[in-house]
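One structure below.
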Amino acid sequence: MKLHIAVLPGDGIGPEVIAQAVKALKSIATVYDHIFTFEYGLVGAAAINKTGIALPEETLALCKKADTILFGAIGSPKYENDPEAKIRPEQGLLGLRKELDLHTNIRPVVAYEDLSNKSPLRKKWIKDVNLCFYRELTGGIYFGEKTFSEDGNTATDTCTYTRNEIERVAHRAFKAAQSRKHKLTLVDKANVLASSKLWRKIIKEIAIQYPDVAVNYLYVDQVAMQLILNPKQFDIILIENMFGDIISEEASVIVGSIGLLASASIGDKYSMFEPIHGAYYKATDRGIANPIAAILSAAMLLEHFDLYEEANLIKKAVDKSLQLQITTPDLNTKYDNISTSKVGDFIEDFINNPEETNLNFTNIHLGQSTII
Ligand code: IPM
Ligand code: MN
């Protein structure tokens, strides 16, 4: 298959983790005889520094002509401390989501056996957790009308949802549930918010079309608790934009590190794949950023184009790296010298030689080999 991939590494640790994801994709292309081409663009603070805006026209044009997009992270401390800045790195990401109409954000949360001691939650509760968020990504309070009064004392954000916005993400979520455990939870605040009442009404209507999917309805405050108390009860979690941002980040605690969570943002025409962690500025260029979320995002990209065997090979490589503790310090209890690019090298080599995972192979990766 030929794929032209727009690569937007962005800020902070974005470039270094995306470099590992690109390495994995390049090895997949070699092993399976695909032609993947990569074209780089600026976004976020990196774009502001060079062009004055967070989403330059050129970047948007690149994304529109490419087959898909691989995205790193955006954000910089320069803007964190200036909430009134008119131009902000986030505009790059939010602008892309809106301009490309990437309405459905898919965030899988899978607990790895090998990492069960990394989560602060009890092993028996997180074992076998396998849930997936379907977060609405282009509507709600993020994109509703905003006001800031002239006297600087009053501000509003409006949460608006339309039937169409709810239906399109909902159908995708129900279909996903059909191919999984046939369970869908709608997260809302329908006891208080009008927009949530609309969500609940529409989901009740749609549920009739999917009789093989068991639907339950939970308020977001209950979900915040249930996700920690008993995450195994969930399969597909359908959730509006803002609640999805918060609750999916909470879910990273189950897995043990936010450095593991990948995501896909899908529209009717365009698609974008990105790790859910942010720019993590403090870690920039220190070789400690976990590249697995970016690498698993590349696997989601392959799945989107029906390259399941290829995606599975990346996932197998990741499993192996976790099992052998070829991981960055956020997960490692055994070795302290494994850098971002070393993890990427391991994944790359595994893709090229999946059968050669003996001890010596591991040692080579740790720089401890006696036979070279
Ligand atoms: C995310 C991020 C973004 C969001 C920010 C960077 C605008 O937190 O993708 O979860 O809030 O959606
Ligand atoms: Mn977030």
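The values are calculated or read from the model by the stated rules, or taken from the named source; none is laboratory data. The structure displayed is predicted, hence computed values, not measured ones. All Cβ positions, glycine included, derive from the backbone under ideal geometry; neighbour counts span all protein chains shown. Side chains included, ligands, DNA and RNA excluded: accessible areas come from the protein's heavy atoms. Shrake-Rupley method; radii C 1.70, N 1.55, O 1.52, S 1.80 Å.
Data table
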quantity	calculated
Test result for residue 300, touching a Phe, Trp or Tyr at 6+ places or on another chain (Cβ under 7 Å), part of a strand (DSSP E or B) and of a type outside the set (D, E, K, R)	no
Given (1) surrounded by fewer than 17 Cβ atoms within 10 Å (Cβ to Cβ); (2) hydrophobic (A, V, I, L, M, F, W, C); (3) in contact with an Asp or Glu (Cβ under 9 Å, 6 or more places away or on another chain), number of the condition residue 155 does not satisfy	(3)
Selection status of residue 294, within 15 Å of ligand 1 (Cβ to nearest atom), part of a helix (DSSP H, G or I) and modelled with pLDDT of 95 or more	yes
Answer from 235, 221 - the residue that is out of contact with any helix residue (DSSP H, G or I) (no Cβ under 8 Å at 6 or more places or on another chain) and outside the structural domain of residue 330 (by TED's automatic domain parsing)	221
Only one of 235, 188 that is away from ligand 2 (no atom under 16 Å from the Cβ), touching a strand residue (DSSP E or B) at 6+ places or on another chain (Cβ under 9 Å) and under 18 Å from residue 165 (Cβ atoms)	188
Options 78, 127; residue that is at pLDDT below 95, out of contact with any helix residue (DSSP H, G or I) (no Cβ under 6 Å at 6 or more places or on another chain) and under 29 Å from residue 238 (Cβ atoms)	127
Lone qualifier among 76, 116, 27 - being of a type in the set (Gly, Ala, Ser) and in contact with a Lys or Arg (Cβ under 8 Å, 6 or more places away or on another chain)	116
Qualifying residue in region 335-342 (condition: modelled with pLDDT of 95 or more, among the small types (Gly, Ala, Ser), within 27 Å of residue 29 (Cα to Cα) and touching a helix residue (DSSP H, G or I) at 6+ places or on another chain (Cβ under 6 Å))	no
Which numbered condition residue 12 misses (of (1) under 21 Å from residue 277 (Cβ atoms); (2) touching a residue at least 60 places away in the same chain (Cβ under 8 Å); (3) in a helix (DSSP H, G or I))	(3)
Filter result (within 11 Å of ligand 1 (Cβ to nearest atom) and farther than 9 Å from residue 45 by Cα) within region 81-95	91, 93, 94, 95
Residue match in region 353-369 (condition: at pLDDT 95 or above, open to solvent by less than 20 Å² (accessible area, probe 1.4 Å) and among the β-branched types (Val, Ile, Thr))	no
Every residue from region 122-145 that is of a type outside the set (Val, Ile, Thr) and not in a loop (DSSP other than H, G, I, E, B)	123, 124, 125, 130, 131, 132, 133, 134, 135, 136, 140, 142
Within region 190-283, helices (runs of 4 or more DSSP H) holding 2 or more residues that are more than 16 Å from ligand 1 (Cβ to nearest atom), surrounded by fewer than 20 Cβ atoms within 10 Å (Cβ to Cβ) and without any contact (Cβ under 8 Å) to a residue 60 or more places away in the chain	194-207, 220-229
Matching option when the condition is farther than 19 Å from residue 237 by Cβ and within 16 Å of ligand 1 (Cβ to nearest atom), among 137, 100, 60	100
Test: residue in region 48-71 that is within 16 Å of ligand 2 (Cβ to nearest atom), closer than 23 Å to residue 289 by Cβ and not assigned by TED's automatic domain parsing to the domain that holds residue 237	yes
Test: residue in region 306-318 that is open to solvent by less than 10 Å² (accessible area, probe 1.4 Å), within 16 Å of ligand 1 (Cβ to nearest atom) and not in a loop (DSSP other than H, G, I, E, B)	no
